[in-house]
Structures are given as structure tokens and as C-alpha cells.
Amino acid sequence: LRAVQDADPIAFVMENVPPLLKSQEFVEIRREAESLGYNVGAWVLNSADYGAPQTRKRAIIIGLKGAKPTKPPQTHVDPKKRDLHTLELPAWRTVEDAIGDLPFEPTGDDWHIGRNPTEMSLRRYACIPPGGNRFDLPSDLTPECWKRKTKGGTDLFGRLWWDRPSVTIRTEFYKPEKGRYLHPEADRPITHREAARLQGFDDNFTFCGSKISVAKQIGNAVPIQLALAIAKHIELLISHSDVEAAEMISCE
């Protein structure tokens, strides 16, 4: 908000984890933004509702001068939850839509890179069915720490579905022990290229740095389609605000 005060833009956007909107920090963010002359709107948005092949949920805060921010209208819909308002919207994009054309075997080119798993890891990968998780591992392949954790963690060592969006892509997507990051069919974790596509990056986007650095860039990004939908909506709000201001001046 110090940056907002210094730059004094017509609008600003903040994004963070959903719990932010229920925190005292958000109360202070709203108060400070309003003291700077902004109207504030805030929502938890699901990236899949905006065309990303991923069900990532993010807290989005929009500050706008001269008009009240409104929620960006969704562009896609969960096919299982269509109603009269979303009847004409296309269905959520799926993992298959995003990565179905990539070779099952990583090529090593353009960030379609694999790991060097141990024999134990390969045996574990092969045990997980589509949509399965750590609970599908036989006892002799289950780590002791997981045996003691009998509840929760249903995404750990999980396999993605072809016909659904992916789960949230985090910075260590190449480690299936961290989440549902096994390829829907191949016995391996998703590659950097696959993760980038699930975040909405075009293949011509240039990543720079080490494998770990690029994984962080991918995992920490806001899905491209969600960011674009927010930007287009703010452009519309600003243009409407300018028109209303001009009409008021002409009336005077």
C-alpha cells in the first residue's frame, strides 16, 4: 500500500491465499486503501472458473478510484454445477486439454524434463491408479510416517485425472510426495513444461534459471487466464468510470 500511495494508480490488484480475507490484516488493508481514496472489493476466485486448467483458489483484492469494483465474471463453469446463469459458458478446461498432446516420455527439451527416480519410487508410481493417492500403496511400499498418518493427506502421492483440472500447482510439483503431481497415465511426476501449461503459460514463454528456480517461478505464478480475466475486467471498470465522469461533466 505504500507503493500504491506513491504511484497513485487508478486501480490496484492484490492476490494472496484465501484466509487473508478473514484476517485482521485485510481489515487494515481495506481501511488504509479507503483512506487513500479507493473503493475496495475482495473475493476468493477459482482459477478454473476463468479458463485455467487448475482449481487454484486465490484471494483477489481490487481497489478502484471513482467506481465500485465488481467481481470479474467467470468465463468457464464446472460441468457438474451448471445453472441458468452459466448455461452458455464452456466447461472447465482439463488436464488433458492442457498437456494431452505432450509426449508421455519427457524429451529433455523445452523444460519437458524428467527426474531420476529410484527403483523404490518407480514401484510406488506404478501402484497409483488414476485419481489414486498414497492410500493405494501396499504396506511394503508405504513409508512408516505415512502408515502413522491414517487420515488426511489424500493428495499426497496422488495421480491427476485426465478429465478434470489439476490441483494447485506449487513450487515442488516435481515431488509427488508433496501432492497430487503424478502424471494421469505415465508412471512419473509431471514435468516443468506440463506444470507451466497447467499454470497457463504458452510454450513460447521464456523461463530463465536452474530447475529449482524455474519450478518456483511456475509454482508461485498466478494462473495466466485468471490474471488476464482480472485485467480485462478492471479495464472495463475504468472505461465505464471514465464515461460516467465525462457524462457528469457534460451535464454540469
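If each residue of separation counts as 0.36 nm, what is the full-extension length gain between N16 and R123 once their alpha-carbon separation is subtracted? Mind showing how you got there, number by number?
Details: separation 107, 0.36 × 107 = 38.52 nm, distance 3.74 nm.
Result: 34.8 nm gained on full extension.
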Rank S166, Y38, P73 by how far each Cα sits towards the positive end of the charge dipole of the chain (+1 on Lys, Arg Cβ; -1 on Asp, Glu Cβ) and give me just the farthest. S166
Skipping prolines and chain starts, which residues have an amide H placed within reach, meaning under 5 Å, of the one on K57, given they are 5 or more residues away or on another chain? S47
Can you pull the three principal axis extents for the Cα set of the range 138-225, in Å, largest first? 44, 29, 22
Calculate one ³J(HN,Hα) per residue across the range 3-15 by plugging θ = phi - 60° into the Karplus curve 6.51 cos²θ - 1.76 cosθ + 1.60, and present them in order as whole Hz with x for glycine and proline. 5, 4, 4, 5, 7, 6, x, 5, 9, 9, 10, 10, 9
Check which residues have an amide H placed less than 5 Å from A67's amide H, if you skip close sequence neighbours. N39
Per residue and in Å³, how big is the convex hull formed by the alpha-carbon atoms of the chain? 175 Å³
Give the accessible surface of the chain per residue, rounded to a whole number of Å², with probe radius 1.4 Å and ligands, DNA and RNA excluded. 56 Å²
Find how much the distance from W146 to R31 grows on full extension, using 0.36 nm per residue of separation minus their present alpha carbon separation; answer in nm with one decimal. 36.9 nm
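Placing +1 at every Lys and Arg Cβ and -1 at every Asp and Glu Cβ, with all other atoms neutral, what dipole size does the range 183-227 have around its Cα centre, in debye to the nearest 20?
200 debye
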Cα centroid distance between the range 137-159 and the range 195-227, in Å? 29 Å
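So what are the range 111-150's ellipsoid semi-axes, whole angstrom, largest first, if each one is the square root of 5 times an eigenvalue of the alpha-carbon gyration tensor?
Details: eigenvalues 89, 31, 19 Å².
Semi-axes from the Cα gyration tensor: 21, 12, 10 Å.
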Take the residue pairs K71/K211; K81/K149; K68/K175; K81/K178 and return only those whose Cα atoms are more than 31 Å apart. K71/K211; K81/K149; K68/K175
Place a +1 charge on the Cβ of each Lys and Arg in the range 94-252 and a -1 charge on the Cβ of each Asp and Glu, then give the dipole magnitude about the Cα centre in debye, rounded to the nearest 20. 1260 debye
Using alpha-carbon coordinates alone, the radius of gyration and Dmax of the range 40-84 in Å work out to 12.3, 38
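The values are calculated or read from the model by the stated rules, or taken from the named source; none is laboratory data. The shown structure was predicted, so the numbers you read here are calculated from the model rather than taken from an experiment. Reconstructed Cβ throughout: ideal geometry from the backbone, glycine too, with neighbour counts over all protein chains shown. The accessibility values were calculated without ligands, DNA or RNA, using every heavy atom of the protein model including side chains. Shrake-Rupley method; radii C 1.70, N 1.55, O 1.52, S 1.80 Å.
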